[in-house]
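> Quick one: structure below, then a few questions.
The values are calculated or read from the model by the stated rules, or taken from the named source; none is laboratory data. Note that the structure is a prediction, hence the values are computed from the model and not measured. Every residue, glycine as well, gets a Cβ built from its backbone with ideal geometry; the counts of neighbours run over all protein chains shown.
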Amino acid sequence: MYAVGVVLLFLGFAMIVLSSFSGSSASVGGFVLIGPIPIVFGSGKDAGLLAILSVAAGLITIAMVYLTLRQTRRMGTPEPTEESNA
């Protein structure tokens with residue numbers, strides 16, 4: 001799952017860099033989660049759509065973290081084994 005997040009992060013940065021070369025007007029939108037308080041922002045003609053997509057991406061990220069923690073706790077920690085020194 002970690003690799004998927006890294007790939008999505010890289011693709012997001014690549015899209016931003018490539019769009020800066022197009023010279024057209026740009027819209028921005030984002031979602032910041034500070035503790036339990038979500039902050040949604042945007043500017044431009046497609047800001048509403050971008051804000052909705054960023055909230056969806058944030059919720060997916062929160063779900064992935066929750067599921068990963070749940071799976072880790074379910075597996076538990078392995079018991080240490082004693083090795084004999086012969």
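> Looking at 65, 55, 6, 40, which is the one that is at pLDDT 75 or above and not in a helix (DSSP H, G or I)? Talk me through it step by step, then tell me what you get.
Numbers: 65 fails: not in a helix (DSSP H, G or I); 55 fails: not in a helix (DSSP H, G or I); 6 fails: not in a helix (DSSP H, G or I).
Of 65, 55, 6, 40, the one residue that is at pLDDT 75 or above and not in a helix (DSSP H, G or I) is 40.
> What are the pairs with Cβ atoms under 6 angstrom where one residue, in segment 39-59, is over 16 Å from residue 12 (Cα atoms) and the other, located anywhere, is outside any strand (DSSP E or B) and of a type outside the set (S, T, N, Q)? Sequence gap at least six, or different chains.
40/51; 42/50; 42/51
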